[in-house]
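Presented below is the structure to which this report refers.
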Amino acid sequence: MTVTVETGLWQLDPAASTVGLRHRTFWGLVTVKGTFTGVAGSGEVRPDGSAAGTVTLDAASLDTKNAKRDTHLRSADFFDADNHPEVTFAVSGAERVDGDQVRVTGQLTVRGVSRPLSVTARLTDATDAALTLETEFTVDREQFGMGWNQLGMMGGLTTVTAALRFTRGPA
């Protein structure tokens with residue numbers, strides 16, 4: 001099924017959106033999962049079908065259900081939330097590639113380090129008033145200065161999952 005996305009401004013609905021991560025630790029024996037509770041964003045679909053926008057995460061809002069671990073993740077070993085309070089994905093393009101698949105390209109910025117990122121998302125539940133994009137991708141946290149890895153416990157990639165609900169903004 002191919003859905004049509006209306007042109008105009010779209011606002012992220014934080015109450016209906018989730019961004020989470022998971023990372024295997026302790027030599028692959030445990031998977032740590034967390035959710036960013038502070039999510040914001042907006043975008044624009046232009047008349048030519050191109051799209052641009054930004055999704056912003058409050059770095060200090062990461063909740064793994066373990067207060068001591070969350071404090072460590074906010075520290076300079078990881079997100080350094082005091083100096084870099086936001087994680088941003090600045091979208092420079094979105095292109096329908098096949099049916100409900102959308103290739104989203106842009107710059108991911110974590111801890112003040114920006115890297116190009118291209119992900120495939122699935123467009124779901126799209127109407128003229130709202131749409132949801134769902135994606136899952138991996139990130140090498142060392143590329144963003146998060147190399148802390150005591151005793152080799154935290155090697156590998158971090159998986160990010162997102163379900164982002166956007167509603168039509170004012171015309």
TODO: Among residues belonging to the stretch 72-113 that are free of Cβ contacts under 8 Å to residues at least 24 places away in the same chain and of a type in the set (S, T, N, Q), point out the one that is farthest from Gly38 (Cα to Cα).
DONE: Gln101
Task: strands (runs of 3 or more DSSP E) contained entirely in the stretch 96-140, each with at least 1 residues that are among the acidic types (Asp, Glu) - done: 130-139
- [ ] Would you be able to tell me the number of residues in the stretch 40-64 that are closer than 25 Å to Ala15 by Cα and without any contact (Cβ under 8 Å) to a residue 12 or more places away in the chain?
- [x] 0
Open item on the list: Suppose we keep only residues that are at pLDDT 95 or above and either part of a loop (DSSP other than H, G, I, E, B) or among the small types (Gly, Ala, Ser) (or both) within the stretch 33-54. Which one would you say is farthest from Ser92 (Cα to Cα)?
Closed with: Thr37
Open item on the list: Filter the stretch 103-129 down to the residues that are farther than 24 Å from Arg168 by Cβ, under 12 Å from the mean Cα position of the chain (by Cα) and not polar (S, T, N, Q) and list them by number.
Closed with: Leu108, Val110, Leu117
Open item on the list: Tell me the residue from Val119, Val104, Val110 that is of a type in the set (A, V, I, L, M) and closer than 16 Å to Arg165 by Cα, please.
Closed with: Val104
Task: Residue satisfying all of: in the stretch 26-46; buried (at least 16 other Cβ atoms within 10 Å of the Cβ) and over 21 Å from Thr124 (Cβ atoms); farthest from the chain's Cα centre (by Cα) among these - done: Val32
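The values are calculated or read from the model by the stated rules, or taken from the named source; none is laboratory data. Since this is a predicted model, take the numbers as computed values, not measurements. Counting neighbours? That spans all protein chains shown, and the Cβs are built from the backbone with ideal geometry, glycine included.
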